[in-house]
């Protein structure tokens, strides 16, 4: 059986998200909800509107909408008769779900799979009154919100579920929907929420108990621990304080009385009052944080009043730990170290205490936390980094209980490398190789079995069976001279050793946020503009070597590829990216221009896309707009329409398959698409002056700030040739040179320096 037609019942946040991801995969899907009086399909239409939200688009393109059909459970229930999978995402009430299942059993074909998105109701209760034929094809498919972006799918089988059904769902959701499928037992909260909500509650209660401000707690319980930067209070605001409180209460109701979760689940009076007052987080514009008349404000947890707050709190300890590892937090004997230990010791011990109840080893929990909560490392990986013996000794010194599975790892670890395999410890001490589905390669795991051929603090390259893989690994994977040095060394090695090709990839949340602005600032603060020019020229020539190489060069980016990071991607002979990849050249927002070939390449891409021939004026205008507005594309489909990707570049919906696809592309002749960058007859002075007039008029109309005009003028000069005669021939190197001249001109202005200072010191560029 194949899943070719899907239906989702329940068009709320989760149901609409599931339907959207099915549509993103190019599969027909019905989205049904209850009928309403005036417009029977109003609830389903509202679900579709959620997917169109430009701030969090659930669809990778407008074209994906064509696969979604809207309906209601009164008028359109019969369409379910030929659906192969019906995903239920209705209200968390057992009676409502069971009534729906009885209707489905009467309507659906005999092989149709039915699943529930529940995270609170055991599967045995969901189907207890249903016939065996229904139970055989029923499962729980627990997606995480937002469905398009969160990689985790917890897949739960019942006692009577046919293993073939589970295998079919797992394959479909992994390959077609791009999910990291984690098999779960039918235990309360499964894996992700069981550990994730516990960790959040530990961080919340510890902050209140230790009189930490939300700013302090979020600075520690965030990136220094390898957890998203929202922290605990920011996360409560993001999810919704009322909704998060409901999640906590649901776990209280389903977890056994002796579970340690109950010690972290007590209601906090201040938060109860906040919910009553409508201070429920971002959706209401105020929670623990808000934006007031004077800027960002934070709630004083003692007084309940808002106070002025900086854009971010810079804690030296947190910044060092983010760079050097979580162990640095635990070595601190101050209150921040005490806070970190309290949260981590309880969370990691709790995760260990769940083995073997929820799983036989660490892999499922670690996968769930990385895929469902965006942790960089799972709990057991963190224990290995901290050191199992040191962690256990500190627990024992405090008289805390040491879970059995944690004690079993004493003197050892939870993961090890054996030969060329990464193995995980099982309950009882057995070691078992980590096996992923065919075609799935996580470089974070593969790397542990390899030795870098060359490495520095910010980048490394490895030999993967005759393919050089370059990995950036600085903070946010920002690029500097050392990054480009590793890339250049890998290019040299491939050519000298006759290797098969080169792949640029990493398994971090983002490919690269661009050139390290701190390095740029250091150059101009030392008044070393010649050094900055040499850095830019080296960057340009290194990426040019990627484009002109006699061997295949493939970029395999995930997450953000912006600024200088995208300039690296632009010069790969083929790009294989993720369906959620975000790309663009955003340098204008910080008062500079792309100086690593981005302006040049944007112009050539538009010339190719438009088929301009010798009259490149329209391509110049397109490039001017893209670069001036700092446009980004929120999906590869949009990127292709904006000439950011070429026709042969492609995307993969499951990011765990990107590296495998990139390695396969190395041996595909189609991946050797070197760049033809002939001289251009530049439009010169007339078009340049038109662009300047447009900038001045837009500034006069209040559309731009004064410095936007300065930056835009430099971009116009690059893409037209500036004050030159029309038809003047420019080579690719002329465009490279123009980029560097513009970059150096702008960094000497006070306005650009203010923008860079704002980005580096406050996390946001100044608008001036």
Seminar exercise, completed: For the residue 314, residue 211 Cβ pair and Förster radius 22 Å, calculated FRET efficiency rounded to 0.05 is 0.65
Exercise. Using a simple spin-label model with points 7 Å from Cα along the Cα→Cβ vector, what separation in nm is obtained for residue 1 and residue 465?
Worked result: 3.5
Exercise. Quick one: length gained pulling residue 98 to residue 164 fully straight, 0.36 nm per residue minus the C-alpha distance?
Worked result: 21.4 nm
Exercise. Between residue 764 and residue 270, what length in nm is gained on full extension when 0.36 nm per residue of separation is reduced by their alpha carbon distance?
Worked result: 174.7 nm
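What is the fewest-to-most order of 353, 119, 455, 729 by other Cβ atoms lying within 10 Å of their Cβ? Don't skip to the end; give the middle numbers.
Working: 353 17, 119 23, 455 14, 729 11.
Taking fewest neighbouring Cβ atoms as first place, the list is 729, 455, 353, 119.
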Problem set entry | Percent of Cα-Cα distances greater than 27 Å, calculated over segment 476-633 | 24
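Using DSSP, restrict attention to beta bridges with both residues in the chain and report what percent are antiparallel, rounded to the nearest 5. Can you show the working numbers first?
On the way: 34 of 78 bridges.
If we restrict to bridges inside the chain, about 45 percent are antiparallel.
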For this session: Pull out a ≥ b ≥ c, the square roots of the eigenvalues of the alpha-carbon gyration tensor of segment 650-726, then state rounded if a/c is under 1.5, prolate if not and a/b is larger than b/c, and oblate in the remaining case.
Result: oblate
Problem set entry | Two-site label geometry, residue 66 and residue 676: point separation in nm, points 7 Å out along Cα→Cβ | 3.1
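Please report the antiparallel percentage of DSSP beta bridges with both residues in segment 477-634, rounded to the nearest 5.
Values: 2 of 13 bridges.
Bridges in segment 477-634 are about 15 percent antiparallel.
Arrange 246, 33 by Cβ neighbour counts within 10 Å, fewest through most, would you? Working shown, then result.
Details: 246 13, 33 26.
Ascending Cβ contact count within 10 Å gives the list 246, 33.
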Problem set entry | Residues 245, 731, 444, sorted so that the one with the fewest Cβ neighbours within 10 Å comes first | 731, 444, 245
For this session: Distance from a point 7 Å along Cα→Cβ of residue 417 to each backbone N in segment 459-495: keep the residues under 18 Å and list them by number.
Result: 459-473
Seminar exercise, completed: So the compactness index of segment 173-303, its C-alpha Rg divided by 2.2 N^0.38 Å, takes the value 1.15
Seminar exercise, completed: What the Cα atoms of segment 710-755 span along the principal axes, largest first and in whole Å, is 37, 17, 11
For this session: Rounded, prolate or oblate: pick one for segment 321-400, where a ≥ b ≥ c are the square roots of the eigenvalues of its C-alpha gyration tensor, a/c under 1.5 means rounded, and failing that, prolate if a/b is larger than b/c, else oblate.
Result: oblate
Exercise. In segment 4-20, which residues have a backbone nitrogen under 16 Å from the label point lying 7 Å from residue 107's Cα in the Cα-to-Cβ direction?
Worked result: 5-12
Exercise. What nm distance separates the two modelled labels at residue 45 and residue 401, each placed 7 Å from Cα along Cα→Cβ?
Worked result: 5.5
Exercise. So for the chain, Kirkwood radius off the Cα pairs, Stokes-Einstein at 10 °C and 1.306 mPa s: how many µm² s⁻¹?
Worked result: 57
Problem set entry | Relative contact order of segment 192-425, pairs being alpha-carbon contacts under 8 Å that are 6 or more residues apart, as % | 20
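What is the Å³ per residue value for the convex hull set by the Cα atoms of segment 687-768? Spell out each step's value before the answer.
Details: hull volume 7.5 nm³, N = 82.
Measuring per residue, one finds 92 Å³ for the Cα hull of segment 687-768.
Using only the Cα atoms of segment 5-184, build the gyration tensor, take square roots of its eigenvalues as a ≥ b ≥ c, and label the shape rounded, prolate or oblate: rounded if a/c is under 1.5, else prolate if a/b is larger than b/c, else oblate. Don't skip to the answer; put the middle values down first.
Details: a/c = 1.66, a/b = 1.21, b/c = 1.37.
Verdict is oblate for segment 5-184.
Since every read-out is calculated from the coordinates, none of them should be taken as a lab result. Quick caveat, the model's predicted, so the values are computed rather than measured. FYI the Cβ positions are ideal-geometry reconstructions off the backbone, even for glycines, and counts take in every protein chain you see.
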